[in-house]
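Every number here is computed from the coordinates shown, using simple stated rules; none is lab data. The structure displayed is predicted, hence computed values, not measured ones. With ideal geometry, Cβ positions are generated from the backbone for all residues, glycine too; neighbour counts draw on all protein chains shown.
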Amino acid sequence: MTPSAWRHSLRIRLLAGTLFWVAGTILVAGWGLGTLFRQHVEAQFHAELRTHLDQLTAHITLDAQGRAQLALPLSEPRFGRPYSGYYWQVDAIGPTGASIAPALLRSRSLWDVALAVPQDALAEGDIHVHQVVGPQGKPLSLVERSVRIDDGPDGKPHTLRLLAAADADLMAEPVSRFNGALWLALGVLGAGLVLAAVVQVSVGLSPLRALRTALARVRGGEMPRLAGDFPVEVAPLVEEFNTVLAHNADVVERARTHAGNLAHALKTPLSVLANAAQAKEQQDPELARLVLEQIGVARRQVDYHLARAQAAAATRVPGAKTVLVPVVEGLVRVMQRIHAQREVAITVHPWPAALAFRGEAQDLQEMLGNLLDNACKWAKHRVEIGAHSEGANLTLTLDDDGPGLDVPQRDAVMRRGVRADEQVPGSGLGLAIVDDLARLYGGRVDLLDSPLGGLRAALTLPAVAERS
């Protein structure tokens with residue numbers, strides 16, 4: 001997991017934090033429970049050994065010759081089975097406090113082995129614990145005490161060292177089994193907690209996924225505002241966003257209204273000036289021609305900048321969607337009427353009916369109308385229109401069988417006011433307007449060689465994402 005993913009993914013941070021705490025809690029709980037159980041088993045184990053040592057102490061006596069003996073056998077039957085893991089032994093203690101070999105008494109379970117125990121200074125009644133090596137090299141846990149018998153048959157005091165031991169594996173095995181079962185249970189618990197955390201995060205973040213889907217639908221032009229059933233924590237955000245969308249729509253509408261008002265405000269005085277210039281054409285032809293020429297330039301500039309302003313406002317409004325087929329069919333009908341005398345055949349190649357432009361219908365009409373009008377003006381007999389989608393974009397192609405343009409001319413005609421042929425009617429702004437509108441939407445216009453022999457205009461625009 002990269003630092004960038006950690007910083008920018010809420011899901012990863014939530015899951016990582018939960019996993020960290022679950023793992024930490026499981027480890028601490030496993031260590032704590034394992035330690036408590038081990039201590040409990042050790043305490044029980046040593047308590048049992050002390051019980052056997054107490055029983056050995058109670059049953060030890062001296063015979064008439066002063067030799068140690070058991071008045072009664074110990075109750076643990078495993079002391080009677082060779083190498084059973086339970087052992088006891090009685091040693092004599094010399095003046096230095098060390099055991100005097102050989103052992104005075106030992107359990108049958110020791111068979112022919114005597115326990116070797118370290119030297120120890122034992123106060124009477126004290127119990128000491130040692131870890132020693134027993135029969136067959138197995139580790140033993142051993143408890144011992146010293147007992148002084150003053151009233152022996154020989155009248156002499158006797159100090160005895162009593163030992164009770166057991167195989168340490170008898171203590172380790174239940175601890176190992178418990179730890180195995182404990183960690184298995186904790187592992188299952190941890191997996192369940194992690195699964196619960198994944199489900200919780202997935203369910204908890206599902207409103208955000210729904211919000212993202214709704215935003216994508218708004219951006220793709222499928223709906224004008226966010227819609228859906230959102231929880232109370234997300235609902236204020238949705239309301240605020242819808243308020244922003246409504247505000248942007250109002251801004252666009254006001255911009256279009258102002259643009260229309262400006263167009264009417266300018267066109268009226270321009271028309272008055274044009275009429276006045278035509279009225280004075282007989283008196284001063286040169287001045288009238290100049291005025292009419294400048295009025296035409298002013299009108300073209302007004303049309304150009306108004307179209308650009310309207311498109312710039314439209315591109316900032318999410319939710320716009322225009323299906324291609326109706327727009328193209330309407331433009332074809334108009335062009336067939338306008339260019340009816342030239343007998344140009346306009347062919348529309350089929351494409352998916354759902355193919356749609358992510359933008360305003362009037363902007364698409366402006367761009368396609370200019371390109372189709374140019375194609376019809378320059379075509380000899382044929383114009384073909386096609387469309388296809390490529391990822392997030394769609395491309396419309398308009399081919400004609402006219403004379404075409406070489407590469408330097410293609411670059412030139414994209415500039416405002418430049419015309420390929422002054423003999424053909426036009427303002428020289430059509431392609432520039434198309435190019436500007438396309439760029440405002442993040443698209444472009446490419447002029448290429450046409451398979452019909454003339455010019456191909458390829459218009460690339462953002463497409464509305466198709467949803468399954």
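The relative contact order of segment 322-462, computed from alpha carbon pairs under 8 Å that lie at least 6 residues apart in sequence, is 24 percent. How about LYS377: which aspartates and glutamates have a C-alpha closer than 13 Å to its C-alpha, ignoring those fewer than 8 places off in the same chain? Candidates past the 8-residue exclusion: GLU343, ASP399, ASP400, ASP401, ASP421, GLU422.
Put simply, segment 1-219 fits an ellipsoid with semi-axes of 65, 15, 13 Å; these come from the alpha carbon gyration tensor as the roots of five times its eigenvalues, largest first. Toward the positive end of the charge dipole of segment 134-226, with +1 on the Cβ of Lys and Arg and -1 on the Cβ of Asp and Glu, the farthest Cα among ALA216, VAL175, SER206 is that of ALA216. Between ARG108 and GLN39, the distance separating the two model label sites (each 7 Å from Cα on the Cα→Cβ line) works out to 4.0 nm. Cross-link partners of LYS138 among aspartates and glutamates, defined as those whose alpha carbon lies under 17 angstrom from its own and excluding same-chain residues fewer than eight positions apart: ASP112, ASP167, ASP169, GLU173. The residues ARG337, ARG13, ARG358, ARG254, when put in order of fewest to most other Cβ atoms within 10 Å, stand as ARG337, ARG254, ARG13, ARG358. In vacuo Debye scattering of segment 338-377, one point per C-alpha: log10 I(q)/I(0) at q = 0.27, 0.30, 0.36 Å⁻¹? The Cα Debye sum returns log10 ratios of -1.03, -1.07, -1.13.
When segment 1-219 is described by a simple charge dipole with +1 on each Lys and Arg Cβ and -1 on each Asp and Glu Cβ, the residue from HIS128, PHE37, ALA23 located farthest towards its positive end is ALA23.
Which whole number in µm²/s is D for segment 322-462 by Stokes-Einstein, with the Kirkwood Rh taken over Cα pairs at 25 °C and 0.890 mPa s? Translational diffusion coefficient: 163 µm²/s. Taking Cβ atoms as reference points and 15 Å as the exclusive limit, the residues near PRO350 contribute a net charge of -2, counting Lys and Arg as +1 and Asp and Glu as -1.
FRET efficiency for the VAL251 to ALA216 pair, using the beta carbon distance and R₀ = 30 Å, is estimated at 0.85. Taking label points 7 Å from Cα along the Cα-to-Cβ direction, GLN336 and THR243 give a separation of 5.1 nm. The modelled label-to-label distance for the pair ASP411/LEU266, using points 7 Å beyond Cα in the direction of Cβ, is 3.0 nm.
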